[in-house]
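Quick notes on the structure that follows.
The values are calculated or read from the model by the stated rules, or taken from the named source; none is laboratory data. The structure presented is a predicted model; accordingly, all values stated were derived computationally and were not measured. So basically every Cβ, Gly included, is an ideal-geometry build from the backbone, and we count neighbours across all protein chains shown.
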Amino acid sequence: MNSISLKVGLIGFGTVGEGFYRLIQRLDYPHLQIKKIIVNDHNKERSLPSSNFSFNTDSVLNDPEIDLIIEAITDTNQAFHILKKALRNGKHVITASKKMVALYLSEIIDLQKETGQKVLYEAAVCGAIPVLQNLNNYFFYDKIKAVKGVFNGTANFILTQLEEGFSFEKALHQAQQKGLAEADPSSDIDGFDTQYKLVIAASHLFGEIVKPESVLRFGIRQLLPQDQLFSTKKGWKIRLIAEARFGDVPLVMPVLVSQNEYAYNLQGEDNFVELESESSGLQYLQGKGAGAFPTAQAILGDVEQLRMKEFYHYKNGASTERQKEAQKIEVYLRSPSSDIGHFFSEVYHRDYESGYYVTLGKIKVLDLKGIEPEKIAFIARLPKHDQIRNKESNEAQPGVFSPA
Ligand SMILES: NC(=O)c1ccc[n+]([C@@H]2O[C@H](COP(=O)([O-])OP(=O)(O)OC[C@H]3O[C@@H](n4cnc5c(N)ncnc54)[C@H](OP(=O)(O)O)[C@@H]3O)[C@@H](O)[C@H]2O)c1
């Protein structure tokens, strides 16, 4: 591979693809040349002359002059097909497709071994925040115990709008108008986007392939004003947090955070990532987790990694199913059903209001997996170090309870 002039096939010219194109123009980046751009829609108006584009991915995948495919499309299966063919045709791949990487990480590792070509995907985890490069290089010899954070800016934007008093619908609409949320916002508000990013980060952290289905995931779609009110009255905020802790089930769920927690001050669409390691303690990275230029910057970082021959070390690559029997978490759980109290191993407080049962207490993560989803309207973890347990745990008894 010639390090002065890397020939690139760019597949996708949407937010990310065009952002990358514009970034390297703006920087007058000298080390690569985009030979061809592949897009899908024949009728779309483009900001560049049509001679720059092709609609046939094979025209770059089969081009022997191209060293590197940069892929930024939305179709996961097509993205994996492109990755496979590119590697087998002797090209490296940089991808932004988090869902594809999360679903196919094991195959991606095998394909790199098979072909000797490399895949980099920093853009897939929290945009411009260098999560994977840090885990891969800086912290490689430090034992990381946990990775945690707000990995989805759209959800965080919505949550901060709720604190301002906007309704969920209005906050979501604002996110859509700002170009943050898709027309179908499920990926952001149901926690899938966060789940895919956590799968990738956790796999790199632990050196084991974490499967998406082994993550316990809850979103913010069903958050009601009474949940917000509960949180505000306590002086807390609600944040959608991803957490993978060595030995525990990885979690994506809303968390009630108190003032002494980092996420409390995280406003708008920012992301943050917390790394907890044996030698370095807690480390924080905060910034833009999505958008044209932040994501393009992550791709450019990968191009530089490739030029320096810095590739991912996958520690052992073994697959894992985390099923820690004893793992318990403390939660606020609002349920339309009374038949839920017995899942709690300890109840700190219980209440009935406006047709819902609210329980604060301790629950086994594996029991939570066992509750039918329709019995949970909204669930959030309780803050660390709060007084509520001591104040109220003596009054409340675990078990099924009746309306007050
Ligand atoms: N947006 C972000 O901030 C962000 C951040 C991190 C990661 N990502 C990931 O990056 C990827 C791209 O996201 P995006 O926001 O840039 O999407 P986007 O704005 O919808 O753009 C997608 C681009 O891919 C092209 N495309 C779709 N299917 C194709 C196919 N089968 N063959 C060739 N081209 C195809 C589209 O072509 P047309 O132009 O012809 O429609 C379009 O140019 C996704 O996997 C996303 O999850 C996005």
Given the condition at pLDDT below 95, closer than 21 Å to V303 by Cβ and of a type outside the set (A, V, I, L, M, F, W, C), answer yes or no: does some residue in the range 110-128 qualify? yes
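Taking the range 81-117 as the region of interest, how many residues are in a helix (DSSP H, G or I), within 11 Å of the ligand (Cβ to nearest atom) and not small (G, A, S)?
Our first condition is that a residue be in a helix (DSSP H, G or I); within the range 81-117, this holds for 81-88, 98-115.
Pick out the ones that are also within 11 Å of the ligand (Cβ to nearest atom) and you get 81-82, 98-102.
Among the residues that remain, those that are also not small (G, A, S) are: 81-82, 98-101.
Selection size over the range 81-117: 6.
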E18 fails exactly one of (1) assigned to a helix (DSSP H, G or I); (2) near the ligand (Cβ under 9 Å from one of its atoms); (3) without any contact (Cβ under 8 Å) to a residue 60 or more places away in the chain, namely (3)
Do you know which residues across the range 240-271 are touching a Pro at 6+ places or on another chain (Cβ under 7 Å) and farther than 17 Å from K211 by Cβ? L240, L256, V257, S258, E261
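Scan the range 74-93 and tell me whether some residue there is at positive phi, touching a Pro at 6+ places or on another chain (Cβ under 9 Å) and not assigned by TED's automatic domain parsing to the domain that holds R221. Write out each step before concluding.
Of all residues in the range 74-93, those at positive phi come to 90.
After this cut, where a residue has to be touching a Pro at 6+ places or on another chain (Cβ under 9 Å) as well, the list is 90.
Those left that are additionally not assigned by TED's automatic domain parsing to the domain that holds R221: 90.
Within the range 74-93 (the criterion being at positive phi, touching a Pro at 6+ places or on another chain (Cβ under 9 Å) and not assigned by TED's automatic domain parsing to the domain that holds R221), the answer is yes, since at least one residue qualifies.
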Given (1) assigned to a helix (DSSP H, G or I); (2) touching a Phe, Trp or Tyr at 6+ places or on another chain (Cβ under 9 Å), where does T154 come up short, assuming only one miss? (2)
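Restricting the range 34-47 to residues that are touching a residue at least 12 places away in the same chain (Cβ under 8 Å) and exposed (fewer than 14 other Cβ atoms within 10 Å of the Cβ), which is farthest from D75 (Cα to Cα)? It would help to see each step written out before you state the result.
Residues of the range 34-47 touching a residue at least 12 places away in the same chain (Cβ under 8 Å): 34-40, 42, 46-47.
Restricting the remaining residues to those that are exposed (fewer than 14 other Cβ atoms within 10 Å of the Cβ) gives 42, 46-47.
Values: H42: 17, R46: 20, S47: 22 Å.
Among residues in the range 34-47 that are touching a residue at least 12 places away in the same chain (Cβ under 8 Å) and exposed (fewer than 14 other Cβ atoms within 10 Å of the Cβ), the one farthest from D75 (Cα to Cα) is S47.
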Is at least one residue of the range 312-320 free of Cβ contacts under 8 Å to residues at least 60 places away in the same chain and within 30 Å of E346 (Cβ to Cβ)? no
With the condition kept exactly as written, say whether any residue in the range 272-295 is at positive phi and within 16 Å of the ligand (Cβ to nearest atom). yes
Looking only at residues in the range 99-145 that are among the small types (G, A, S) and on the phi < 0 side of the Ramachandran plot, which one is surrounded by the most Cβ atoms within 10 Å (Cβ to Cβ)? A123
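Yes or no: I24 part of a strand (DSSP E or B) and closer than 26 Å to A290 by Cα? First the steps, then the outcome.
Details: part of a strand (DSSP E or B): no; closer than 26 Å to A290 by Cα: yes.
Answer is no for this residue.
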